[in-house]
1. For residues that are of a type in the set (Gly, Ala, Ser) and assigned to a helix (DSSP H, G or I), tally how many sit in segment 92-120.
2. Out of (1) over 21 Å from the mean Cα position of the chain (by Cα); (2) at pLDDT below 85; (3) of a type in the set (D, E, K, R), what's the single condition that is false for Glu157?
3. Give the number of residues within segment 80-92 that are modelled with pLDDT of 85 or more and buried (at least 16 other Cβ atoms within 10 Å of the Cβ).
4. When you go through Phe119, Phe115 one by one, which is the residue that is at pLDDT 75 or above and open to solvent by 70 Å² or more (accessible area, probe 1.4 Å)?
5. Contact list please: Cβ distance under 6 Å, first residue in segment 93-105 and at negative phi and at pLDDT below 95, second residue open to solvent by 30 Å² or more (accessible area, probe 1.4 Å) and not aliphatic (A, V, I, L, M), pairs at least six apart or on different chains.
6. Residue under question is Pro89, and the condition is that it be in a loop (DSSP other than H, G, I, E, B) and not hydroxyl-bearing (Ser, Thr, Tyr); does it hold?
7. How about segment 34-49: which of its residues are open to solvent by less than 50 Å² (accessible area, probe 1.4 Å) and modelled with pLDDT of 95 or more?
Amino acid sequence: MDTFLAVLLAVTHPAMAQGADPGGEEAFIAGLIPRMSPEAKVGQLFVVSFDGIDIAPASDVADLILNYRVGGVILSAEQGNILNTINTPTQVTALSASLQNLSRQTTRAANPSPFIPLFMALEQDGDGAPASPISSGLTPAPSYMAIGATWQTANAEAAGSVMGQE
């Protein structure tokens, strides 16, 4: 689990990883883990999906984040988390930010835990539906097969850069 937290923190807090002296990340994590309850440590092992976009305090996903301290969530069109309209990127960004804000509330709960940002996941393969859950509002991207057929690593880097930024 220490490795999972190290990767999670390095990904979500790159400034901490870049600005820390050698061994700083390990010291940070070594100090973080004893402050976590056993329940919070176990919760960090889970990445969950949920239905819809309701993240009200009484929703199932809020319960999982606030009470079980899950480590992350998976967003998908099939679960109704991604509504493909002209504002899809904005909708997904707002949903992600709201989920992260729920995660921040665990520091103020009755049984507080240190803040660990949620790991956010979604599959975005490019080439439009059905390969990509976000099918509107983004730069059209070729499929991995089409990129690979060019035999040009620069094409893969360029496509990955655009998808990552969006």
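The values are calculated or read from the model by the stated rules, or taken from the named source; none is laboratory data. Values in this document were obtained by computation on a predicted structure and should not be read as measured data. Backbone-built Cβ (ideal geometry, glycine too); neighbour counts: all protein chains shown. Please note that ligands, DNA and RNA were not included when accessible areas were found on the heavy atoms of the full protein model with its side chains. Shrake-Rupley method; radii C 1.70, N 1.55, O 1.52, S 1.80 Å.
1. Within segment 92-120, residues that are of a type in the set (Gly, Ala, Ser) and assigned to a helix (DSSP H, G or I) number 5.
2. Among (1) over 21 Å from the mean Cα position of the chain (by Cα); (2) at pLDDT below 85; (3) of a type in the set (D, E, K, R), Glu157 violates only (2).
3. 4
4. Values: Phe115 fails: open to solvent by 70 Å² or more (accessible area, probe 1.4 Å).
None of the other options fit; the residue is Phe119.
5. Matching pairs, first to second residue: Arg104/Phe115.
6. Values: in a loop (DSSP other than H, G, I, E, B): no; not hydroxyl-bearing (Ser, Thr, Tyr): yes.
When the stated conditions are applied, Pro89 does not pass them.
7. Narrowing segment 34-49 to residues open to solvent by less than 50 Å² (accessible area, probe 1.4 Å): 36-37, 40, 43-44, 48.
Selection gives Val48 alone.
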